[in-house]
Every structure is written in C-alpha cells, then in structure tokens.
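Here it is, the structure, as structure tokens.
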Amino acid sequence: MIVLPLVYPEVFQHYKIKPPRGVLFYGPPGTGKTLVARALVNECSSPDRRISFFMRKGADCLCKYV
C-alpha cells in the first residue's frame with residue numbers, strides 16, 4: 001500500500017482521491033524500520049521523480065529547536 005500511490009498515481013487520479021503523502025514507522029529499535037524505508041526509496045525513485053527520506057528520532061520531534 002505504500003508503493004501503490006508512488007508507482008501508479010493514475011489509479012488515484014481515476015477515482016479522484018488524494019494519495020497519502022508520507023509514512024510513519026513506529027516500533028522498537030532493531031525491527032528494520034530504516035531498512036524498509038531505504039528499500040522503499042530505492043524501489044520508488046526514478047530519474048524524473050525524487051523520493052525523500054527523512055530520519056527523525058522521537059526526541060528530535062519534541063525538542064523546541066527543531
């Protein structure tokens with residue numbers, strides 16, 4: 001379901017719905033969240049479409065200086 005809007009945007013255009021814009025991985029350390037995110041970026045990227053991957057830790061999101 002993560003790859004579908006990136007690889008086949010015409011499906012969402014056909015049904016006139018807005019595809020999701022991001023993914024939030026949640027879980028304990030060591031479960032492969034970063035590995036899955038990097039694999040998705042490599043799978044969905046193409047020369048004419050850039051996919052970004054931002055890695056944030058929970059403490060970064062709660063800091064007032066971010």
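What number goes with the only condition from (1) modelled with pLDDT of 75 or more; (2) part of a loop (DSSP other than H, G, I, E, B) that VAL66 does not pass?
Status for VAL66: all satisfied but (1).
Next question. Pull out all pairs, ordered by first then second residue, where Cβ-Cβ is under 9 Å, the residues are six or more apart or on different chains, the first lies in the stretch 51-66 and is more than 15 Å from LYS33 (Cβ to Cβ), and the second is outside any helix (DSSP H, G or I) and at pLDDT 75 or above.
ILE51/SER45; VAL66/ARG56
Any residue in the stretch 11-22 that is over 13 Å from the mean Cα position of the chain (by Cα) and β-branched (Val, Ile, Thr)?
yes
Identify, please: which residue in the stretch 35-49 is exposed (fewer than 13 other Cβ atoms within 10 Å of the Cβ) and of a type in the set (S, T, N, Q) and is, among those, farthest from VAL3 (Cα to Cα)?
Within the stretch 35-49, the match that is farthest from VAL3 (Cα to Cα) is SER46.
Six or more apart or on different chains, Cβ under 8 Å: which pairs go from a residue in the stretch 1-27 that's over 22 Å from PHE54 (Cα atoms) to one that's modelled with pLDDT under 80 and aromatic (Phe, Trp, Tyr)? Could you list them?
So the pair list comes out empty.
Something else now. Which of the residues that make up the stretch 27-55 are at pLDDT below 85 and part of a loop (DSSP other than H, G, I, E, B)?
SER45, PRO47, ASP48, ARG50, ILE51, SER52, PHE53, PHE54, MET55
The values are calculated or read from the model by the stated rules, or taken from the named source; none is laboratory data. Note that the structure is predicted; figures quoted are calculated from it, not measured. Positions of Cβ are backbone-derived with ideal geometry, glycine not excepted, and every protein chain shown enters the neighbour counts.
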